[in-house]
Structures are given as structure tokens and as C-alpha cells.
1. Given a cut-off of under 8 Å on Cα pairs at least six residues apart, what relative contact order in percent is computed for the stretch 105-247?
2. Enumerate the amide H contacts of ARG370 below 5 Å, restricted to partners 5 or more residues apart or on another chain; note that Pro and chain-start residues carry no placed amide H.
3. Translational D (Stokes-Einstein, µm²/s) of the stretch 106-177 at 25 °C and 0.890 mPa s when Rh comes from the Kirkwood sum over C-alpha pairs?
4. Ordered by residue, what ³J(HN,Hα) values in Hz, to whole numbers, does the stretch 107-119 give under the Karplus form 6.51 cos²θ - 1.76 cosθ + 1.60, where θ = phi - 60° and Gly and Pro are x?
5. Short version: ³J(HN,Hα) in whole Hz for each residue of the stretch 125-134, in order, from phi by Karplus 6.51 cos²θ - 1.76 cosθ + 1.60 (θ = phi - 60°), x for Gly and Pro, what are they?
6. Shape of the stretch 105-247 from its Cα gyration tensor (a ≥ b ≥ c, root eigenvalues): rounded if a/c is under 1.5, otherwise prolate when a/b > b/c, or oblate?
7. Just order 185-191, 227-233, 124-130 by mean Cβ neighbour count inside 10 Å, highest at the front, would you?
8. Measuring from a point 7 Å past the Cα of ALA381 along Cα-to-C-beta, which residues in the stretch 296-312 have an amide N at less than 14 Å?
Amino acid sequence: MFPQIRPQDIADILIMTFLVYQLYSWFKNSKALQVVMGLLFLGAIYFITKTLGLFMTSWILQQLGTVLLVLLIVVFQAEIRQALYRLSLLRNLFDREESAVRLDLLDLSATVFSLASLRVGALVVFQREERLDDLILHGVPLDSMLSGPLLSSIFMPSSPLHDGAVLVKDGRVALASCHLPLSVSADVPQHLGTRHRAGLGLSERSDAVIVVVSEERGEVSLSLDGELQVMRTQAQLHERLTSLLQPLSREAQRVSVRSRLFANLWPKVAIFAVVVVSWLLITFRQGELLNVTAPVTFHNLPETLTLVRSNPDEIDLQLKSFSNLVASPKRLDIVVDLDLSKAKEGSNNIQISKDLIKLPPGVSVVNMERSMVRVTVERKANRPASKRP
């Protein structure tokens, strides 16, 4: 029997699907995703062994999971920091605004293919929305306007800055001779050298666009989102850079947002299915009814009155839990807290409503034994004033 689906559950599934897909798209070609897949496999084994009652195996896996969590935070601290930065909704408020400088991509494309014809290796990084400060090491500050002659002079073998990458930020050459993180993907072809692995490594960890010029083959490639595409002609490179780096019109942005929903459809469907199955496993206890006894407490009793008696002192409740992530209500301190601010001297009948019962999230009241509590209060006796001798 499937659990009853609430609007909150639909929002829960959609939010988790979005977050999991974002993590997948960011780390799909990185070593971090392979480690996460391994942890999910261990988690599945732990769930199976615990269900089957294999106490020793499940206990060892549980202790191992705690140690691995600490190791993951230490080993992948850069990836975790980058992921948190990508998820930050306030980053655009604090990041420096993009410069209005427009790149001369036609001249840049001609320069890149000129270097390729001369068999001169080059590596040009274009920063987009995400900062690259934590991913790029070393580098010589330049802060110069980007131009074809400048790139040619930097990457010529006689130049002291030719070894490394050039970082282009806000239309200017910010750094030269930079070191980039290398790709650790096993799918990278063996004939690709360090320059290509560096371009792939940075594109796996950020949204940067990297142009790679092969020194051995005189070939121009474009690295984006962990993938490498060979540019056959200067016009093809110019077209790709223009679409990726030049600001789009508002109409084009609206079209891209609509089409983005159906892009990579099969991975999205698979992730959605995994999230739905996980939600079903987590909420399989929904509908379980539990009977608990909650004590009756009071607050806001006027200072001039005192509580004499209440009947009953406890209320039997029937509760329903919506998820097995919620602790059993039997282990929680559940009370019925009544407001006596309007109580009058003598006998008072206080109505009990469900909102007066303090419950943890994920637990609701199905039935109550009684809906009324009789409270008797009296006026406090005035103490006689002490006589002076």
C-alpha cells in the first residue's frame, strides 16, 4: 500500500531531484562521483545486511561509514567548497560585476589557429560565472587587454610565460603561466598530453571554457563541462566561443530556459526515479498508528489564582508517523499544553485542540481519548499584614 502523498512530499521529491541532478552534472566526469557511487553501493549493502539481521556486517559498515565521511571532507574539500559556492543564491550579490568589455573573438580565433599551424602549444581559460581562484595555482599577474598579438607573444617557446595557461577574466588577461588541476577520468584517451588533461580537469570542476592547442598535432580543441571537442575550422571555433562567452538576448535566454528542462532527459528521468524510490523507502512507515499517553500541562495561569486540580491529568492519543526518519513518538516527550489565561475562579472546562499538542515534524494526531479537561482554580488567600511592635 503506497503512502498518502501530500503537497509537501511532491516539493520534497522535486527539490531532491534538482539537487541530485546538479551534483551529478557537476561531478559526472570527476573522481568525486566515482567515490560517491562507491559509498552508495556500501550504503545499499548496509541496508540489506541490517534488514536481514546480519549484525556484525551491518555494525562494521556503520562504523566504516563514519570514518569515510570524515575522510571525504578532508580529501574533497575543494570540490565541496565549489559545490557550496555553486548552490549559493547570494553569490551574485557579492561577486564583482562583469565588465562590459566585449572580446574580439574573431581575432582570437585567428590567433589560435595561427599558433596551431606553427605547432605552438597554448592553453587559454575563459572564466564565466564561477570563480576559479581556488582551482588555478600560481600564475603571473598581467591585467592586460586580450589581443591576438599578446597571446602569440605569451605562448611562443622563447617567452618565459609560455609554459602554463592564460586566464581571461572580464575581457582581460588576468594571469599567465597558470597551473590547472589535471583530469583523473579514466576515459581520457592515452594520446592526450598534460595540456589537454589540464583543460579537461578545470572544465570538470567549473563552468569555464578552455581552448587547447596541441603542440604535437597542431589541433585546436574546446573543453567544456568535462568534454573535449575538436574545432576543425576557425569559423567553428568563433561560433562556439561567441555562443558561450557573449551575452545572450533576453529572448534567447527564455528559449534556453525552456529547452534546458528537456536537455539530458534520460539522466534526469533516472535521477527522478531514484529519488522517488528513496522517498518510498524512507516513508514506508507512513500510516503506522501509535498509541501514546501525553501528560497535561498548563501555562499563563493568572497570578491571583492557584490551580487546585485537573481531570484528567493525562490524555491518550493516537498518532501517525509520516516517515521512518522521524523517531518513534513513544521515545519523544509529547505533552498537551493548555492555556489558562482566561480561566476563572471555580470549575473551568478547557477545550483541547490538535494545535495545543506539541508534536515533532512528521507526526500528526489521528484521534484523542478526550477533547475536554476540567480545571478547578481558586483565588489565592491574602496574607495578613504583619503588626509592628
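1. Computed value for the stretch 105-247: 29 percent relative contact order.
2. For ARG370, the qualifying residues are ASP316.
3. Numbers: Rh = 12.4 Å.
My calculation gives 198 µm²/s for D.
4. 5, 5, 4, 5, 5, 4, 6, 5, 5, 5, 5, 8, 6
5. Couplings: 10, 10, 6, 10, 6, 8, 5, 10, 4, 7 Hz.
6. Details: a/c = 1.15, a/b = 1.05, b/c = 1.09.
Rounded shape, in that the Cα axes give a/c under 1.5.
7. Values: 185-191: 10.1, 227-233: 14.6, 124-130: 19.4.
Descending packing order for the listed peptides: 124-130, 227-233, 185-191.
8. Taking a point 7 Å out along Cα→Cβ of ALA381, the residues of the stretch 296-312 whose backbone N falls under 14 Å are 306.
Read the figures in this text as sums done on the coordinates, not as results from a lab. Predicted model only: the values in this text are computed from it and were never measured. Quick reminder, even Gly has a Cβ in these numbers, built from the backbone with ideal geometry, and neighbours come from all protein chains shown.
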